[in-house]
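Everything on this sheet refers to the single structure shown next.
The values are calculated or read from the model by the stated rules, or taken from the named source; none is laboratory data. No experiment lies behind these values; they were computed from the predicted model shown. Backbone-built Cβ (ideal geometry, glycine too); neighbour counts: all protein chains shown. Surface areas here come from the heavy atoms of the whole protein model, side chains and all, with no ligands, DNA or RNA. Shrake-Rupley method; radii C 1.70, N 1.55, O 1.52, S 1.80 Å.
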Amino acid sequence: MTAGVPLHFNALSKRFGDVAAVKDLTFTVEPGRVTGFLGPNGAGKTTTMRMLLGLVTPTAGTATFDGIAYRDLPSPMTTVGAALEAASFHPGRSAFNHLAVYARAAAIPLEAARVALERVGLAEYGSRRVGGYSLGMRQRLGLAFALLGDPGVLVLDEPVNGLDPEGIKWTRGFLRHMADEGRTVMVSSHLLSEVAQSVDEVVVITHGELAHTGPLSSLDMTETREVLVDGPDRGSLQNALTEAGYLVSELRSGLLVSGAEASDVGHVAFAAGVELSALSQKRSGLEDSFLALVGEGGSL
Ligand SMILES: Nc1ncnc2c1ncn2[C@@H]1O[C@H](COP(=O)(O)OP(=O)(O)OP(=O)(O)O)[C@@H](O)[C@H]1O
Ligand SMILES: [Mg+2]
């Protein structure tokens, strides 16, 4: 594997006629981390990624791999692997055949195609026609393509779009593993909730402009920390929490405790000798922060 490098986006802008798709974007994506590139539909995510990959020419500014533009990379295949939206595969050909053709053209040993299929869990389906693949398998084939050159940077456009919970969970593990190996992982999504559990850093854009950048925890600004708790004797539990000074409201699924940490709620119950059947921290503040940043959606 080639070492991951930082991605530098510097005053990057793109205009399509009257449409200012990307406006003066400046941020860095670091290796060894999973960075979520977030924004509503039409925010400019795909356009930004395509500029990094040399597929769209910026109107102004630069997007580079540690200072080197894509077209100047001495070895693009080993520097970066990408899976962009709307990847199309010939339905009549097998996954292995797709990868092999590509590998041959790029003078990469055929063995790399087998390894890439294995890494995305498609090894046993490699000889099957892609026409019979599920959406999840197709997404994984896209990831296998990105991995062909065993690159240090992965640029993935909406890799969990349309996946079922199992597929999303698998992708999370995959992204984590890739970053732990030292790769730079940039992954876009229009839904924070789909990637919140797998990203370390977030870059949020809306209407082509940077809205926020920082660690995932920096998004959790609303501080609406809530705990959902329940027990066989809900009344006693509610009394104990109220006496401890918490604001408690009753929902069908249990008691909602505002401004609390799960560990504190657990302690109150323990000290009062009240049994618990459920205790969980609610992180709704994260999605609320995201929505507050991106407003009412994109410019589609
Ligand atoms: N080739 C193009 N010609 C004209 N306008 C374009 C082109 N590509 C993108 N746009 C416009 O640029 C804006 C940003 O589009 P982009 O696809 O980058 O957004 P996105 O964040 O990827 O959205 P989505 O979540 O829907 O994929 C949109 O208004 C879009 O219509
Ligand atoms: Mg897009």
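Counting only protein chain heavy atoms and rolling a 1.4 Å probe, the accessible areas of D288, D157 rank, largest first, as D288, D157. Our analysis of segment 33-115 gives Rg over Rh at 1.01, with the two radii drawn from alpha carbon positions and Rh computed by the Kirkwood formula. Note on E118: accessible area approximately 100 square angstrom, rounded to 10, probe 1.4 Å, nucleic acids and ligands left out. The fraction of all Cα pairs in segment 117-185 landing in successive 10 Å bins from 0 to the largest distance is 20, 56, 23, 1, given as whole percents.
What the Kirkwood sum gives for segment 7-218 is a hydrodynamic radius of 17.4 Å, with every pair of different alpha carbons counted.
Around the amide H of G42, modelled in the peptide plane, lies no amide H under 5 Å away from a residue 5 or more places distant or on another chain. Stokes-Einstein diffusion of segment 142-300 at 37 °C, 0.692 mPa s viscosity, Kirkwood radius from Cα pairs, rounded to a whole number: 179 µm²/s. The share of C-alpha pairs in segment 70-130 whose separation exceeds 20 Å stands at 29 percent. Surface exposure of the chain, expressed per residue as accessible area with a 1.4 Å probe, stands at 48 Å². Under 5 Å between amide hydrogens, built in the peptide plane, is the criterion, and for V56 it picks out M51 among residues at least 5 positions away or on other chains. Electrostatic bookkeeping for I205 treats Lys and Arg as +1 and Asp and Glu as -1; over the other residues with beta carbon under 13 Å from its beta carbon, the sum is +1. In the calculated pair-distance distribution of segment 99-141, the portion above 11 angstrom amounts to 65 percent of the Cα-Cα pairs. Computed across segment 224-284, the Kirkwood radius stands at 11.0 Å (inverse of mean 1/r, all Cα pairs).
Close amide H partners of V19, meaning residues 5 or more places away or on another chain with modelled amide H under 5 Å apart, do not exist here. Extending 7 Å from Cα along the Cβ direction at A278 and again at V101 yields two label points whose distance is 5.1 nm. For the residues K282, K14, a 1.4 Å probe over the protein chains yields an accessible-area ranking, largest first, of K282, K14.
How large a share of the accessible area of the chain, in percent, is made up of carbon and sulfur atoms when the probe is 1.4 Å and the other protein chains stay in place? Within the chain, the accessible surface is 52 percent carbon and sulfur. Counted over segment 7-218, the DSSP beta bridges are approximately 55% antiparallel. Here's the picture: a label point sits 7 Å out from the Cα of I68 along the beta-carbon direction, and within segment 133-153 the residues with their amide nitrogen under 20 Å of it are 146-153.
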